[in-house]
1. Just the residues that are polar (S, T, N, Q) and free of Cβ contacts under 8 Å to residues at least 60 places away in the same chain, please, taken from the range 244-263.
2. Give the number of residues within the range 103-134 that are within 20 Å of Pro46 (Cα to Cα) and open to solvent by 40 Å² or more (accessible area, probe 1.4 Å).
3. Would you confirm whether any residue within the range 181-197 is open to solvent by less than 50 Å² (accessible area, probe 1.4 Å) and at positive phi?
4. I'm told Lys202 meets every condition in (1) under 21 Å from Asn185 (Cβ atoms); (2) touching a Phe, Trp or Tyr at 6+ places or on another chain (Cβ under 9 Å); (3) free of Cβ contacts under 8 Å to residues at least 24 places away in the same chain except one. Can you identify the failing condition by its number?
5. Quick one: which residue in Thr224, Thr237 is open to solvent by less than 10 Å² (accessible area, probe 1.4 Å), in contact (Cβ under 8 Å) with a residue 12 or more places away in the chain, of a type in the set (S, T, N, Q) and within 24 Å of Ile132 (Cβ to Cβ)?
Amino acid sequence: MYFEKMLLFGFSGTLLALMMFISIGSVSVYAISIKIESPLSNQKVPVGQLTISGTSSDNSSAQCQVYLDWNNLKPYQLATPTGSNGSADFSKWSFTYTSKYHLIQTGLNDLTSKITCLIPPAGPTVTKWYSINVTGATTSNQSSNVQLPLPTANNQTLASNTQTPAPQSGASVDTTNTSNSNKINLEINVETNPIPAGDRQKVAVTASDPQTGNTLDRVFVRLTIKDPSGNVVKDYTDTDGELSPSFRLDKDITGTYSVLASASQAGIKTTKSTTFIVQ
């Protein structure tokens, strides 16, 4: 009887060790990555059409695809694979923002890349994101219309005839999808800017009727917070037209964080973005 118990105990220990080994191996095998190589984050780029490029962990044995979006505008757009192993090799990729999807606009533009891989033979699917912010600015051959936030309670913006570099120390740039802003008014309020690293930050987003100023119900609202490297650190959604989450910042990460908000209802969508500085 004692021998049988010892044999069972030994077998159980071996099985547990084997499961842990397989688990650790799976994490390593299916680790994925993606990065936007050009342009650089916080770089100033011309408004209008823009081609970006990057790299990913895709290889000949993987089943991966790369997608891009602009300011959380869905659906994601499929990138063009440019790797050396054929038309399905996304180890290198490129994508051009055109009027068929969305052009680069004046002010802050959030560009997000996404890699999605199917683990053979039948899943699951693993996904990873990488984002950068670029500042759209007019050239000498384009009319300038950079929007800067006014220090007013309702956060209105004023058109400026000067070019604006990427946001620096404490300044923030708001951008709005003006094609739909007359139907849904979207406001972002960052409680503290600049803010010390490790402190608790609060960001409020409200979708309201431009005519009455009343908060709209049954409106899908999304709020995304990204760190200076473009990594998503917080992502909130609600269907009541407003969000006001509070969250603690990483005490080891400083720089310019981006705040991206969108509100949509019945096919109408408004987007807005701003930044805050963590010191």
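1. Residues satisfying the conditions are Ser244, Ser246, Thr254.
2. 1
3. There is no residue in the range 181-197 that is open to solvent by less than 50 Å² (accessible area, probe 1.4 Å) and at positive phi.
4. (3)
5. Unique residue meeting the criteria: Thr224.
The values are calculated or read from the model by the stated rules, or taken from the named source; none is laboratory data. All values reported here derive from a predicted model rather than from experimental measurement. In this analysis, Cβ positions are derived from the backbone assuming ideal geometry, glycine residues included, and neighbour counts consider all displayed protein chains. Ligands, DNA and RNA are excluded from the accessible area calculation, which covers all protein heavy atoms including side chains. Shrake-Rupley method; radii C 1.70, N 1.55, O 1.52, S 1.80 Å.
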